[in-house]
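Each remark here refers to the structure printed beneath this line.
Computed from the coordinates by the stated procedures, all read-outs in this text should not be read as laboratory data. These figures come from a predicted structure and were not determined experimentally.
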Amino acid sequence: MAVVTNFEPKRRKSTPLDDLTALVAEDLSAVNDIILQRMQSQVELIPQLAGYLIAAGGKRLRPVLTLAAANLCGYGGEHHRLLAAVVEFIHSATLLHDDVVDESDLRRGLASANAVFGNKASVLVGDFLFSRAFEMMVEVKSLDVLRILSGASAIIAEGEVLQLRTTNDTETSEQAYLEVIKGKTAELFAAACRVGAVVAERPQAEELALYDYGMNLGIAFQLVDDVLDYSALQAKLGKTVGDDFREGKITLPVVLAFRRGNDEERAFWRRTMEELDQKDGDLERAQELMARHNALKDTVERARHYGSIARDSLGLFADSPIKRALLEVIDFVIDRDF
């Protein structure tokens, strides 16, 4: 006998990022088509590997920011779609390279591309995506766009090299850490927003305001990411908790806990982060020390500071649904648990 019920699955409440994405949904659909078309190659491994990474998920936050910035600036053409795809290709290329450098086995909870296809293929397909991104930039026929995105690509690479210098170095300062995340993460956020104003041919003041919005949003995003590595569940974060710890990656929570600790605690950080002499229970000990010295809480507070600067950066623009959505995304980035 069939049982009839009125039960309906509980719907997940939409987030501010969902709301922003909905405002640019038509453009984003076109961007996804462009991504699919432009990652094709006669060399079968290239679309296989690129498609594996891109299909693995992610919120498309950076291309959504490009589309939203162009919308905020009243752009009525289609070049912003191509530029959003460029931004996603640059981001994807850096992820491929990062996972090889970091020897990561997981990306968003799935096996990373390098774990599936190997390091050599991941590096070379990353190079392909960078090259294809530059081809697409040229099609927009804007030297300013080319200058901004090519410059951002160079700064991202510099940020990754800077991170190599700070990895395993417990003497890393907060300023040195910030220089790393400005380069490796925030610069692409900033460029993604800025080109939206450039393609709309808006005044430089608006262009720089959007750059500042993206830069400070990107800093806040990475600060929270670094907190989540010590506090979130794997299922929500998309990677195992403590990856940064196991790699000896010096992030702000470590910097603060080290500075505020006593001699015995600093010796712990030197053993685990510099020497990578890690034992069972060391991750839990690291989390306990961070809680004792408010390192995670204060890192989130730093993120709120940069979020406030991002909020102020949009003051030049008239009120609109897209502006309100961009403002709400700031709090979402800081308060997210994944």
Quiz item: In nm², what is the average projected area of the convex hull enclosing the Cα atoms of region 69-217?
Solution: 9.6
Practice problem: Go ahead and estimate [θ] at 222 nm for the chain from helices alone: -39,500 (n - 2.57) per DSSP H run with n ≥ 4, summed, over the residue count, rounded to 500. | Solution: -22000 deg cm²/dmol
Quiz prompt | Over region 197-309: Rg over Rh, Cα atoms, Kirkwood Rh | solution = 1.12
Self-check item: Mean-position separation - Cα centroids, region 116-143 and region 154-193, in angstrom
Solution: 21
Quiz item: For the chain, how many pairs of lysine residues have a Cα-Cα distance under 22 Å, where the two are 8 or more positions apart or belong to different chains?
Solution: 22
Self-check item: Centroid-to-centroid separation of region 11-35 and region 248-286 [C-alpha atoms, Å]
Solution: 40
